[in-house]
Every structure is written in structure tokens, then in C-alpha cells.
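K.L.:
This is the structure I want to talk about, given as C-alpha cells.
The values are calculated or read from the model by the stated rules, or taken from the named source; none is laboratory data. Since this is a predicted model, take the numbers as computed values, not measurements. Note that we place each Cβ from the backbone using ideal geometry, even for glycine, and neighbour counts take in every protein chain shown. Remember, those area values only see protein heavy atoms, side chains included, never the ligands or the DNA or RNA. Shrake-Rupley method; radii C 1.70, N 1.55, O 1.52, S 1.80 Å.
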Amino acid sequence: MRGILRRALAYADRVFQLKRWWKRVRDSRRQPQIPTEVFPAVLVMMFLCRLRSFHELEQYRDLVAWRCWLGPAKDRRMPCADEIAYVSERIDLATLRDVLAHLYTRLMRNKVLQRMRGWRVAAVDGHEIGSSYKRCCEECLTRNVEVKGGKRIQYYHRIVVLQLLGETVRLLLDAELVKKGEDEVGAAKRMIERVLHRFPRSFDILTGDALYAQAPVLRLLRRHNKHAVMVLKDEHRDLLIDAEALFRQQQPRIVGEGPTTFQQWDVEGFTSWTGLEHPVRVVRSVESTPVRERDGKQWTHSVQIHNWTWVTTLSQKQVPTSSVVRFGHARWQIENQGFNEIVTSWHADHSFHHHPNSIVALWLILFIAHAVFHCFVTRNLKPQLRQNHTIIFWALQIAACFRLDYWWPPPI
Ligand SMILES: [Zn+2]
């Protein structure tokens, strides 16, 4: 395991030619002392080794690993925390998105991004970063919070992310910061437009929570010949009441999958949604799973029931009910393998540097590190090595190699 960091970086360079692609990243400094390509290279290493801040990164400036990864030239020295923060404010996001586009193309060509029941599925969701009563910037969103002694203004940022879903590798493709005066859906629409303009075939179906079940989002998707599977909640009360009335007249389709029993209802042709020209279909799934829980010295048995309703633009001819339920549940991948993972294991819950450009730049570089790490673990490590260990085990091995400066062979 000693050389696993070197192996992971060599893999990144061999498969994704990252060193060549860093040369295309630009920033707006006037007289750069350190070439721009050094910064994304340093930050990818920071994320791969799960460091928490630029200052933690600065503690490891003298490692052999840096000289090996950045090259021996004098101007390729490891920058300090202030230099990294300064450049992250000025880095060109479009050029970072070019690197992600290159990763996407490689993964598509190598058939790593798989279809789900014959369809390419993506998920969109938002996440909040670093709320504070004191630290703020020009682009901070604000809200009034009740605290002891009255109301206080809280500053925070919100970011929307689009993730391509699959069975093994899931690519976090793009991120967009919610601007002042707009809502999450406004930022998501801007990101979806950009993704569809650049990668028209990246997905066929977009899934999201109830917030995205809005006519402008569905209209945008249909304009690009894409479909939506969104959670349906009380915001569309009329549609929900209409659907429930029809569900009562229909016998549910009952299917079993593992210990869970699904009761599914499916009605299409609803035209009552204001502002939407396309008829929509509503699918309901009531899922019962027997649960055995320990309560002190006794075991209790109960049945856990979940009730889900989705609205979709897909017709019954195109996709059967079970697939709509599958796509609807796939949305959890962005929660579990997306936000949950990058927040708990990659320390993305705080802003490494509080500046709107830095926040997005750091998230885009994190997406690159995330893709490299998962491709390396699932596609490069031998199955015999992989099967006995968890993903987090490999992450800790890479981090340990970095911290102990295990690098072989040592540079001359
Ligand atoms: Zn801010």
C-alpha cells in the first residue's frame, strides 16, 4: 500500500492526462510568479488526501510528493495558503469546466457512465455552504434568524449541483452558485441550460425533489427533448387531488423486490398544470418493508411504510411504472453518494476560502478529484485487493501515504 498515492496520481495522469489539461486552466493575475497549472494540481492532491484547509495543506509544503507531482522546475514550487486563496479568487471557471468536460468525454468513450434501464439519468439538487453571522462577501445570501435577544442576519451560500447517475461511477458534472435575489431553481435552470448546450447527450431524464417540480424547469427540459421525474408534494395540490381521485378507482400493481413490497399506481394525461403545455403522468408507490429492531433486551418487529409520488413527462408507452419508481429513487444517489460523501469525507461543508469564485472553483476541482478517486478504486485496483476493503479504507491509505510522505522511487 506504500505507493498507493503515487499509483493514484500516475493513473490520473495516464488515463485523464491531467497534467496536460492543467495547462489550459487560466487565471486573471497580471504577473504570475507560479504558473496557473500548479494550483489545480495542488488542490486535486489536497482533496485526494482529504485535507481540511489551505493552512493544513501549507503544513506539508516540504514533502517529496510535491516535487514528484509538480515537477522539478523552480517556478513549480508549492504555493503558500495565501497564494492559493488569491489565485482561487481569479481562476477562470470556464477553463475548469473544460477539464470536467474532458473527464466526461473520457468516461463516456470508455463506457464507464452506464445507462439505467436503457436511459441516461441525472439528478439535480442544492446544498448550503458555510452559514455565518460574521463572515460575509458581496454575493452572500442573507436570512433573518431568531436568536436570544432578537433577530440576527445570517450569511450563507447555496450551490446547485448536477450529477450523472450510474451503478458504479457517478460523475459530478457541474455546479452553480445561487446569486443574490434569485432562488435555487433559477440557478439550476442556468446550469441545466449550460450542461445541455455543452453535452446534449449527457442525460435523457432529470430527477429532482419537489422544489424542481415547476413548469419552467419541465418546459426547459422538454424544449431540449429531455424528460423529468420529480417528487410531487403539496405545492401542486390540484394535480395531487386529481391524481388521488383516479388512484382510488385503480387497482394497484403489486410487486416485490427483496423484503420490500411495492404497491404502484400510475395515471397519465393530466393537463391541469398551469403554464405547462405537455400532459404529465403521476406515479405513486407505497413501499412496505418489515423491520426488526433491538429495543433494550427485546427485539421488536414492525413494518416501515414509505409513500412516494412522482410527476413525470415520460408516457406509459416509453417507460413502465417500475422504471419511473427506479428513476425517482435514483435521486437519492445525489444525496448519499453526492453531497453526503463530499461533505463528510471530502470536507466540502465549509468554504475553503470565502469568495464566490473560490467556492465554485474549489467544488469543480473537488469533482475532478472525486471522479479520479472513484475511477481509480473501482477500475484500477485489482478485484482481489478491492473486495476485502471499503472505499474509505482506500481513501485513508492515500491520505496516510501523503502525510507520511511515502513516495517511491524518491526523486533525484
Ligand atoms: Zn459570501
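K.L.:
Given the conditions (1) within 31 Å of the chain's Cα centre (by Cα); (2) in contact (Cβ under 8 Å) with a residue 12 or more places away in the chain; (3) not in a loop (DSSP other than H, G, I, E, B), report the number of the one that residue 269 does not fulfil.
P.N.:
Here residue 269 meets the rest and fails (1).
K.L.:
Report, by residue number, each residue of region 166-187 that is in contact with a Gly (Cβ under 9 Å, 6 or more places away or on another chain) and closer than 18 Å to residue 327 by Cβ.
P.N.:
The answer is 170, and nothing else.
K.L.:
Can we say residue 314 is in a loop (DSSP other than H, G, I, E, B), modelled with pLDDT of 95 or more and either more than 16 Å from the ligand (Cβ to nearest atom) or among the acidic types (Asp, Glu) (or both)?
P.N.:
yes
K.L.:
Restricting the search to region 246-266, which residues are open to solvent by less than 40 Å² (accessible area, probe 1.4 Å) and assigned to a helix (DSSP H, G or I)?
P.N.:
Within region 246-266, 247 is the sole residue that qualifies.
K.L.:
Taking the condition surrounded by 15 or more Cβ atoms within 10 Å (Cβ to Cβ) and within 28 Å of residue 243 (Cα to Cα), does residue 311 pass? Working first, answer last.
P.N.:
Values: surrounded by 15 or more Cβ atoms within 10 Å (Cβ to Cβ): yes; within 28 Å of residue 243 (Cα to Cα): yes.
So residue 311 fits the description; yes.
K.L.:
Could you run through region 272-286 and say how many residues are assigned to a strand (DSSP E or B) and closer than 19 Å to residue 223 by Cα? Write out each step before concluding.
P.N.:
Taking region 272-286 and keeping what is assigned to a strand (DSSP E or B), we get 280-286.
When the remaining residues are screened for being closer than 19 Å to residue 223 by Cα, the result is 280-281.
Summing the residues that are assigned to a strand (DSSP E or B) and closer than 19 Å to residue 223 by Cα in region 272-286 gives 2.
K.L.:
If you don't mind, there's one more thing I want to ask. Just the residues that are of a type outside the set (Ser, Thr, Tyr) and more than 25 Å from residue 60 (Cβ to Cβ), please, taken from region 369-388. Quick ask: steps written out before the conclusion?
P.N.:
Here is the first cut: in region 369-388, the residues of a type outside the set (Ser, Thr, Tyr) are 369-377, 379-388.
Result: 379, 382, 383, 384, 385, 386, 387, 388.
K.L.:
Checking residue 130 against (1) closer than 23 Å to residue 355 by Cβ; (2) outside any strand (DSSP E or B): exactly one of these is not met. Which one?
P.N.:
Among (1) closer than 23 Å to residue 355 by Cβ; (2) outside any strand (DSSP E or B), residue 130 violates only (2).
K.L.:
Looking at (1) in contact with a strand residue (DSSP E or B) (Cβ under 6 Å, 6 or more places away or on another chain); (2) part of a loop (DSSP other than H, G, I, E, B); (3) among the β-branched types (Val, Ile, Thr), which is the one condition that is false for residue 289?
P.N.:
Residue 289 satisfies all of (1) in contact with a strand residue (DSSP E or B) (Cβ under 6 Å, 6 or more places away or on another chain); (2) part of a loop (DSSP other than H, G, I, E, B); (3) among the β-branched types (Val, Ile, Thr) except (2).
K.L.:
Among the residues of region 132-182, which ones are of a type outside the set (A, V, I, L, M), more than 16 Å from the ligand (Cβ to nearest atom), open to solvent by less than 60 Å² (accessible area, probe 1.4 Å) and modelled with pLDDT of 90 or more?
P.N.:
Answer for region 132-182, where residues must be of a type outside the set (A, V, I, L, M), more than 16 Å from the ligand (Cβ to nearest atom), open to solvent by less than 60 Å² (accessible area, probe 1.4 Å) and modelled with pLDDT of 90 or more: 163, 174.
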